[in-house]
Amino acid sequence: MTEKVLVTGGAGFIGSHLVDKLIDQIGYEVSIIDTLEPQVHGNTDHPPDYLNKNAKFYRGSVTDYKKLEDLVGESDVVFHLAAMVGVGQSMYKIKKYIDNNILGLAILFDILVNSNHNVKKVVLASSNTVYGEGKSHCDTCGLVFPELRPSDQLKRKDWEINCPKCGSKVKPLLTDEKSPCNPSSIYAYSKLAQEKIGLMIANTYGIKMAILRFFLVYGTRQALSNPYTGVCSIFSTRALYGKPPIIFEDGKQSRDFMDVKDVCQALVLAMEKNAANGEIFNVGTGLPITIAEVAEIITQKINPNLKPTYDQHYRIGDIRHCVADISKIKNKLGYSPTLSFEEGIDDLINWIKTQKKDIKEPSHKAMQELKEKGLLK
Ligand SMILES: NC(=O)c1ccc[n+]([C@@H]2O[C@H](COP(=O)([O-])OP(=O)(O)OC[C@H]3O[C@@H](n4cnc5c(N)ncnc54)[C@H](O)[C@@H]3O)[C@@H](O)[C@H]2O)c1
Ligand SMILES: [Zn+2]
């Protein structure tokens, strides 16, 4: 029998790629509920052109109990991806992030507990941001989990992390799922709350649930109109307009960037494998890359004459390093990332070139808003 799958947020960047894989590669029936958030999709009544024509699209919010209840009632599997996703923006649109992200998840689980349904699995998209600073090593104290860098340290432009025990500089390690969570934005808190509420109810009622903590994802269909997300799309769009990437701090902060195809691989494994039930998995490449390297690779590919701007600005709440330890998902689910940053990023760049006529020249709107709120220094 064909599985019926509900993808919340399925018109978005990651969701739409997942929908394609579920329909075209696996042959499932897919329904989507998505608000078409204007910040992501522009002002429109219609789902984006890229959306799979064989998916059933419902415009609506996961906070609409009745609408979600009807869709959950027809589904065998639910992928919960609907969310507001701007880390910086969440620090001043607090209610919006709590409403969409936490209330939305609470309603989904209320339905799973109280309504008739045949849902066999729920897969939740969480985020690396739940960790805050990643796991680190101090030559004197060994393994440590540093807090966010204090503001007086950042004011001195002293970027690297100090050991929380002895104060000397630490080296970043790969962060595993057992690392303590230390969210540093409302967005990150909302993702951690989704995890905790979901797991608590799933364990209480025997609902099968898997949680994936995505690190940073890039690929085609990443919102170009949304100035609050996606450093790769921001750098690429700027470069296409002949504008250099603007780099915060000294550019040596490291991250884990992965191709959206690899995220979809992980999502499908989490759905299919019983070993995923009740578990939390990092999804990334396990390979650190600095923001300066990201800027360099992107400008080389689009406009090698551009030199990145280093103006020593920094954002309050930004972490310095966080790269995934992906041993757990490799060992338990057989996940294996297929694309390096250099290989995967070409898809995004080539796609952005085709979109250029529709994208506005990059503005400083997001930076201005952060500045006004005192979050960008
Ligand atoms: N892109 C990344 O790097 C990344 C990293 C970690 C986690 N995630 C998580 O992955 C998921 C998908 O993110 P994305 O990058 O595809 O973002 P996106 O903004 O492209 O997609 C999210 C979709 O959810 C929809 N949406 C928002 N609120 C909704 C609501 N209340 N009801 C229904 N739909 C709603 C939006 O319209 C959008 O289409 C999110 O849960 C996000 O937290 C993304
Ligand atoms: Zn120390």
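The values are calculated or read from the model by the stated rules, or taken from the named source; none is laboratory data. Source: prediction; values computed, not measured. Positions of Cβ are generated from backbone atoms using ideal geometry, with glycine treated the same way; all protein chains shown enter the neighbour counts. SASA here: full protein model, heavy atoms, side chains in, ligands and nucleic acids out. Shrake-Rupley method; radii C 1.70, N 1.55, O 1.52, S 1.80 Å.
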**OP:** Work out from phi, with θ = phi - 60° and the Karplus expression 6.51 cos²θ - 1.76 cosθ + 1.60, the ³J(HN,Hα) of each residue of the stretch 115-122, listed in order in whole Hz, and give x for Gly and Pro.
**Re:** 10, 6, 6, 10, 5, 9, 7, 10
Subject >> Backbone HN-Hα couplings from phi across the stretch 32-41 [Karplus 6.51/-1.76/1.60, Hz, Gly and Pro as x] >> reply: 10, 10, 8, 6, 6, 3, x, 4, 9, 10
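What pairs in K328/K353; K196/K371; K169/K377; K243/K377 have C-alpha atoms more than 27 Å from each other? Present the calculation step by step, with values, prior to reporting the outcome.
Numbers: K328/K353 37 Å; K196/K371 32 Å; K169/K377 23 Å; K243/K377 21 Å.
From K328/K353; K196/K371; K169/K377; K243/K377, over 27 Å: K328/K353; K196/K371.
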Original post:
What residues have an amide H closer than 5 Å to that of D76, excluding those fewer than 5 places away on the same chain, when H is modeled at 1.01 Å from N in the peptide plane?
Top reply: K4, V5, L6
Original post:
Can you work out ³J(HN,Hα) from phi for every residue in the stretch 286-294, in order, using Karplus 6.51 cos²θ - 1.76 cosθ + 1.60 and θ = phi - 60°, giving whole Hz and x for Gly and Pro?
Top reply: x, 10, x, 9, 8, 5, 4, 5, 4
Subject >> Using alpha-carbon coordinates, inclination of helix 341-355 to the longest axis of the chain, degrees >> reply: 80
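Once you charge only the Cβ atoms, +1 for Lys and Arg and -1 for Asp and Glu, what is the size of the charge dipole of the chain about its Cα centre, to the nearest 20 debye?
On the way: 47 positive and 44 negative charges, 145 e Å.
With only Lys, Arg, Asp and Glu charged at Cβ, the dipole is about 700 debye.
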**OP:** Please give the helix 104-114 orientation as an angle from the longest Cα principal axis of the chain, in degrees from 0 to 90, rounded to the nearest 10.
**Re:** 30
Original post:
Taking the Cα atoms of the stretch 84-156, what is the range of coordinates along each of the three principal axes, in descending order and whole Å?
Top reply: 56, 31, 15
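Before anything else, pin down the relative contact order of the chain: Cα pairs under 8 Å, at least 6 apart, normalised by residue count, whole percent. Please report the intermediate quantities before stating the final value.
Numbers: 760 pairs, mean separation 65.3, N = 377.
Over the chain, the number comes to 17 percent.
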Original post:
With every protein chain present, what accessible area does T338 have (1.4 Å probe, heavy atoms only), rounded to the nearest 10 Å²?
Top reply: 90
Subject >> Proximal lysines relative to K165, as straight alpha-carbon distance under 17 Å, when same-chain residues fewer than 8 apart are discounted >> reply: K135
**OP:** Taking the chain as the reference, fit the longest principal axis to its C-alpha atoms, fit the long axis of helix 260-272 to the helix C-alpha atoms, and give the angle between the two in degrees, 0 to 90, nearest 10.
**Re:** 40
Subject >> Nonlocal Lys pairs with alpha-carbon distance under 24 Å, the stretch 38-120 (8 or more apart, or different chains) >> reply: 10
Original post:
Which of L36, T285, I247 sits farthest toward the positive end of the charge dipole of the chain, with +1 on the Cβ of Lys and Arg and -1 on the Cβ of Asp and Glu?
Top reply: I247
**OP:** Order these peptides, 251-259, 147-155, 116-124, by their mean beta-carbon neighbour count within 10 angstrom, highest first.
**Re:** 251-259, 116-124, 147-155
Original post:
Roughly how many whole Å is it from the C-alpha centroid of the stretch 109-131 to that of the stretch 43-99?
Top reply: 14
Original post:
So what is the calculated 222 nm ellipticity per residue for the chain, using -39500 (n - 2.57) for each DSSP H run with n of 4 or more, over all residues, to the nearest 500 deg cm²/dmol?
Top reply: -9500 deg cm²/dmol
Original post:
Under unit Cβ charges (Lys, Arg +1; Asp, Glu -1), what dipole magnitude, rounded to 20 debye, does the stretch 254-293 have relative to its Cα centre?
Top reply: 60
Subject >> Fully extended contour minus Cα-Cα distance, from K155 to Y241, at 0.36 nm per residue >> reply: 27.8 nm
Subject >> With all protein chains modelled, accessible area of S168 [1.4 Å, Å²] >> reply: 50
Subject >> Residues with amide H under 5 Å from that of F214, placed H, sequence gap 5 or more >> reply: S126, S127, N128, V283
Original post:
What's the Cα-based Rg to Rh of the chain, Rh via Kirkwood?
Top reply: 0.95
**OP:** Please list K332, K165 in order of solvent-accessible area, largest first, computed with a 1.4 Å probe with all protein chains present.
**Re:** K165, K332
